[in-house]
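Okay, structure first, notes after.
The values are calculated or read from the model by the stated rules, or taken from the named source; none is laboratory data. Source: prediction; values computed, not measured. So basically every Cβ, Gly included, is an ideal-geometry build from the backbone, and we count neighbours across all protein chains shown. Remember, those area values only see protein heavy atoms, side chains included, never the ligands or the DNA or RNA. Shrake-Rupley method; radii C 1.70, N 1.55, O 1.52, S 1.80 Å.
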Amino acid sequence: MRAAKAVIPAAGLATRFLPATKAVPKELLPVVDRPVLQYIVEEAASAGINDILLVTGRGKTSMIDHFDRRPDLEARLEEKGDLDRLEAVRRPGELAEIFACRQGEPLGLGHAVSVGQSHVGDEPFVVMLGDEFMDEDSPLLPAMLDLQAATGGIVLAFIEVPTELVSRYGIASVAPATDVPADLAAEHEIVRVTGLVEKPPVDQAPSNLAVVGRYVLPATIFDAIRRTGPGSGGEIQLTDAMATLLAEGTPVHGVVFRGVRYDTGTPAGYLEAVVELACKRPDVGPTFRRWLVDFVDKDLRG
Ligand code: UTP
């Protein structure tokens, strides 16, 4: 069965983006004119996932408002005949069915996923981290969903990172994937995962394949999370629960992603996303690019 629901854990404290994220959730920071979270929901909807559970935390309920109707605003835009903005205001509410639940305390990503259990039920599901998204021109989820439907196990996504950066990521040890359907293996770069280690020192990393924030998981992950104690940083880690299932025989595969990914969890990554997506936009892009070229040119000349 193909996963049909997604959980977006978005209850973290976002300490790497303080003080901006003291009162504004990082998931609502705008990239051009849409919040990060909308790009993520659009990514899910494009892959056929229309049931989305947002895991929110204290001070973060405005995330749900973004996907709600705003009849007052809509009426004003309609009166003014501003149909483009009217459509833009309505669009978030039309992308998917959005549900919400709270993680009472930010006890870690694994814990955040576990609060979605009653919504998810017994079927496989997607986890999409709330601070990163893939460019619409290079989708990742469809391949992951097909692979999970074929294996019934865990499907991860990897990017290759420079060796000196491995200690910032969850890193996998891998072997050739000889056990996946030939059509999938022909179309995508798929590996079988033999081990996972969270933020290893550079000299102990088994590869430079880093786990990124998209997972397709079987519902057995909930029991594994319950059996997982606090790990790295004192948090209940999803990586540890996945490592338990791997050790118990659940097949774990990864799709190596070569497309464009935006990581908006830090100011530097966020700025890259804003500049790249502003340049790509047909409306603001041409003017922004001219300004950017001019600015960089002047800046380089001092
Ligand atoms: P991060 O590792 O980016 O943590 O979590 P964070 O708290 O958001 O940010 P920093 O590291 O302090 O800057 C990855 C995703 O998991 C969610 C976050 O909201 C983010 O989308 N998360 C993390 C939770 O929902 N609950 C948690 O307890 C931890």
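Brief remarks follow.
- Residue match in the range 108-121 (condition: out of contact with any strand residue (DSSP E or B) (no Cβ under 9 Å at 6 or more places or on another chain), in a loop (DSSP other than H, G, I, E, B) and buried (at least 16 other Cβ atoms within 10 Å of the Cβ)): yes
- Subset of the range 139-160 (residues that are touching a Phe, Trp or Tyr at 6+ places or on another chain (Cβ under 8 Å) and open to solvent by 10 Å² or more (accessible area, probe 1.4 Å)): Ile159
- Members of the range 1-20 that are over 16 Å from Ala100 (Cα atoms) and either more than 8 Å from the ligand (Cβ to nearest atom) or open to solvent by 40 Å² or more (accessible area, probe 1.4 Å) (or both): Met1, Arg2, Ala3, Ala4, Leu13, Thr15, Arg16, Leu18, Pro19, Ala20
- Test: residue in the range 30-41 that is under 21 Å from Val89 (Cβ atoms), within 16 Å of the ligand (Cβ to nearest atom), in a loop (DSSP other than H, G, I, E, B) and open to solvent by 60 Å² or more (accessible area, probe 1.4 Å): no
- Qualifying residue in the range 50-68 (condition: polar (S, T, N, Q), surrounded by fewer than 17 Cβ atoms within 10 Å (Cβ to Cβ) and in contact (Cβ under 8 Å) with a residue 40 or more places away in the chain): yes
- Residue in the range 203-212 that is more than 20 Å from Ser114 (Cα to Cα), within 16 Å of the ligand (Cβ to nearest atom) and under 22 Å from the mean Cα position of the chain (by Cα) present: yes
- Tally of residues being near the ligand (Cβ under 8 Å from one of its atoms) and either of a type in the set (Gly, Ala, Ser) or without any contact (Cβ under 8 Å) to a residue 60 or more places away in the chain (or both) across the range 115-133: 1
- Members of the range 134-179 found to be out of contact with any strand residue (DSSP E or B) (no Cβ under 6 Å at 6 or more places or on another chain) and part of a strand (DSSP E or B), listed by number: Glu160, Pro176
- Just one of the listed residues (Ala96, Ala88, Ala112) is touching a residue at least 12 places away in the same chain (Cβ under 8 Å) and within 16 Å of the ligand (Cβ to nearest atom), and it is Ala112.
- When Gly233 is tested against (1) open to solvent by less than 50 Å² (accessible area, probe 1.4 Å); (2) out of contact with any Ser or Thr (no Cβ under 6 Å at 6 or more places or on another chain); (3) at pLDDT below 95, exactly one condition is not met: (1).
- Test: residue in the range 269-281 that is within 20 Å of the chain's Cα centre (by Cα), within 13 Å of the ligand (Cβ to nearest atom) and closer than 17 Å to Pro35 by Cβ: yes
- If you go through the range 45-63 and keep only what is within 14 Å of the ligand (Cβ to nearest atom), in contact with a strand residue (DSSP E or B) (Cβ under 7 Å, 6 or more places away or on another chain) and not hydroxyl-bearing (Ser, Thr, Tyr), you end up with Ile52, Leu53, Leu54, Val55, Gly57, Met63.
- Scanning the range 81-98 for residues that are under 19 Å from the mean Cα position of the chain (by Cα) and surrounded by fewer than 16 Cβ atoms within 10 Å (Cβ to Cβ) gives a single hit, Glu97.
- The range 82-124 - residue that is polar (S, T, N, Q) and touching a helix residue (DSSP H, G or I) at 6+ places or on another chain (Cβ under 6 Å) and, of those, nearest to Ile52 (Cα to Cα): Gln117
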